[in-house]
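Report on one structure; see the data block that follows.
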Amino acid sequence: MDKTVTLSVIKADIGGFVGHSGVHPELLEKAKGILSGSPLLIDFHVTHVGDDINLILTHELGRNNGEIHQLAWDTFVACTEVAKKLKLYGAGQDLLGDAFSGNIKGLGPGVAEIEVVERKSEPVIVLMADKTEPGAWNLPLYRIFADPFNTIGLVIDPNMHGGFNFEVRDLIAHKKIIFSAPEDIYDMLVFIGAPGRYAIKRVFHKANGQIAASSSTQRLNLMAGRYVGKDDPVCIIRCQSGFPAVGEVLEAFARPHLVSGWMRGSHSGPLMPVSVTNSCPTRFDGPPRVVALGFQLAQGKLIGPQDMFDDPAFDRARALCNEIADYMRSLGPFEPHRLPLDEMEYTTMPLVMSKLKDRFIDLRLSKTKS
Ligand code: F6R
Ligand code: MG
Ligand code: MG
């Protein structure tokens, strides 16, 4: 009998190199050093996407395990020391609490975890994005698990034809609801079409109830009650044999969609699928990036990674992103490039409003013709 293995992907921005664009190699080395000494793990892979460090961990301790979360927290704390020494930008920015108290959720880092009994072969894709928010996965997850124009398996694979269940979180009211696809898709789209508030947390295979995908849904700026960093999200997807094929997962990124989080967390831009090497966002701190690392799990060992978007088949998607980026940038400070007032992470509105308050004339009270 194969093991029950937990795959935990935990990420944080604990200091940028240079500015908010990348991660200094010393931090990655530090993280590897700490994790390699841990008896808790079966295996690990340390990587980065833009300015976020991503810890990809396998173990047998289950989801939300205090020891694993503590290990990730301690790793980020140790990396923060290095970031401080090198005076990297925003050192420690995503570590909100001073002390760890059992679960890393709510303390800043983003977390996605799945617990699986390994199948005969267990291919997984780990998606990691920079300069965007958890709701950025809504459209691709919908395409992957509910749209037959993306995923032909929904039509012609008897093991997928029954569809998938989607757990959707209301990130503001802290509620969740399960939608069943395909029956509920029109209802579900009312919500997931608003990714700033509703995010797909988990997807389950409907016929056998198995976990198919899991994402991070932390909204760092809301948790802190003020802007302290980004909620750049991660997502794990199981592939093949009744789950979407690897190529059906990746196909969802071939036609780039617009996401929130570009420059100052206050702009909309296209999500560009890239390799790890090309994941540092430079133009106007962007455009937002997504990386897909593929692994085969083997008794908990991470066989890989395969850098899935390091493929000329995604050149056209990247070229389209650049065209969309040119167009969006041409709008400058105007919506829809700049986000609506209530979604911006930076705003001078209260300041400007208070400065101009006496110059505003209430038209309902004014007797003079306007
Ligand atoms: C950070 C981000 C960046 C920053 C911008 C200003 O994830 O998206 O675009 O918001 O570089 O950063 P500060 O305010 O730190 O100078
Ligand atoms: Mg940063
Ligand atoms: Mg980031």
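The values are calculated or read from the model by the stated rules, or taken from the named source; none is laboratory data. Not measured: the values here are computed from a predicted model. All Cβ positions, glycine included, derive from the backbone under ideal geometry; neighbour counts span all protein chains shown. Surface accessibility is based on the protein's heavy atoms, side chains included, excluding ligands, DNA and RNA. Shrake-Rupley method; radii C 1.70, N 1.55, O 1.52, S 1.80 Å.
Here are a few things to note about the model shown:
- Relative counts (whole %) of C-alpha pair distances in segment 4-346, using bins that are 10 Å wide: 6, 27, 37, 24, 6, 0
- In terms of packing, defined here as the mean over residues of other Cβ atoms within 10 angstrom, the peptides 134-147, 20-33, 328-341 line up highest first as 134-147, 20-33, 328-341.
- For the chain, the share of accessible area belonging to carbon and sulfur comes to 56 percent (1.4 Å probe, ligands and nucleic acids excluded).
- Solvent-accessible area per residue for the chain (1.4 angstrom probe, square angstrom): 46 Å²
- Listed residues Ala112, Ala213, Ala78, most fluctuating in the chain (Gaussian network, C-alpha, under 10 Å): Ala78
- Computed over neighbours whose Cβ is under 13 Å from that of Glu335, the net charge equals -1, Lys and Arg +1, Asp and Glu -1.
- Top of Pro305, Pro287, Pro244 by mean-square fluctuation, Gaussian network on the chain, Cα under 10 Å: Pro305
- Length added when fully stretched, Ile156-Thr277, from 0.36 nm per residue minus Cα-Cα: 39.9 nm
- Gained length - Asp362 relative to Lys87, 0.36 nm times residue gap less alpha-carbon distance: 94.0 nm
- Reduced Cα scattering model of segment 129-269, Debye log10 I(q)/I(0), q = 0.14, 0.16, 0.22 Å⁻¹: -0.62, -0.80, -1.38
- The angle between the Cα long axis of helix 25-36 and the main principal axis of the chain comes to about 40°, on a 0 to 90 degree scale.
- Backbone amide hydrogens, once placed in the peptide plane, bring Gly22 within less than 5 Å of Phe17, excluding anything fewer than 5 places away on its chain.
- Principal-axis tilt of helix 66-85 within the chain, Cα atoms, nearest 10 degrees: 60 degrees
- GNM result for the chain, Cα springs below 10 Å: residue of Gly209, Gly90, Gly19 fluctuating most strongly: Gly209
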